[in-house]
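J.: Got a structure for you, questions after.
The values are calculated or read from the model by the stated rules, or taken from the named source; none is laboratory data. Given the structure is predicted, the values throughout are model-derived calculations rather than measurements. Here the Cβ positions follow ideal geometry from the backbone for every residue, glycine too, while neighbour counts run over all protein chains shown. Protein only, heavy atoms only, side chains kept; ligands, DNA and RNA dropped before computing areas. Shrake-Rupley method; radii C 1.70, N 1.55, O 1.52, S 1.80 Å.
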Amino acid sequence: MSSPLAPAAGRPPAPSWLGDAAALGATGVAVALRHALDDVLPPGFPFLTFFPAVILTTFFFGLRPGIVCAVLSGLAAWYFFIGEAGTFLLDAQTGLALGFYAFIVAVDIALIHLMRVAGDRLSAERAVSAQLYEQQRTMFQELQHRVANNMQFVAALLALQRRKVVENPQEAVGVFDEAQTRLETIARIHRRLYDPALADQPVGPYFQELCADLLGATGARNIVCLVDVPPVRLDLARLTTLSLLVVEVVTNALKHAFQGSGRGTITIRLETLDGGQAALSIADDGPGIPASFDPAASRSLGFRIVQGLAAQLDGTLSYANEGGTVVRLVFATGPAPAAA
């Protein structure tokens, strides 16, 4: 329930002339009522109808209209009801009455003004509390959504790993080691993405740190990772999916592209395209993929994971041999994907 002490949220303040008009009208009503009661009241009550006028004007219209009403009311009471009517005669008795009036209305106006200020502060605090509650509720819903998506991703990953074990039981230990590595990578990605200190970090430095983690984890000291990304930011859901895809492609390059020399360069580049799209390319300078390679027919677990991540982004994935393997993903930078 809204309070009359504070303006309604989002409503513009009333113009100053409206408050002045209200003060003038309240004074006029008070004068008329005092004249109507003049024959009923005993002598000595010149301000009887003016005090309510000042109080109500200050309460509903604020400090300035309250002061205007108090001044006009004091002058009207002095002119019509103190001493000889129709004059501004000032003597000791009149001065005492006016001083008493000024003290009372000053206290009333000050108290009501402080009440209005307290009401405004309370309304502002309530608005901030409501905003914080809505943010927390949204973050909690997002967290639930991310946890559910991550569990689905883990379940799908384990299903793929299980299929690989069924196809080749002798590689069971290695398969589960791969699954453990992938899950640890997912955990690192989420710790970094949901770190409040890194909430506003651009994509470029984030990918650079991600590649440095991968190079350090694999011990690839002679491999260089170059990141060419404009200063853009993506939503958490999309960035999470892209991070998993980058990890999978870079890990595959570290495993297969530099087996002979142990030296090489991996380049990650993000380009903005027309129509709200972007292109992410990950290239290495290794021997490249065979000309007969067909990603759709590949039984590699890594390729199937990459294809699934691209599908989550509604993206188009392509492979090329351009002085090494180039993996290119074209995706929309619009609404966040439903899963990651």
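J.: Could you put Glu271, Glu322 in order of accessible surface area, largest first, with the 1.4 Å probe and the full protein assembly present?
T.: Glu322, Glu271
J.: Right, another one. Give me the distance in nm between label points sitting 7 Å out from Cα along the Cα-to-Cβ direction at His35 and Leu63, one decimal.
T.: Between His35 and Leu63, the simple spin-label model gives 3.4 nm.
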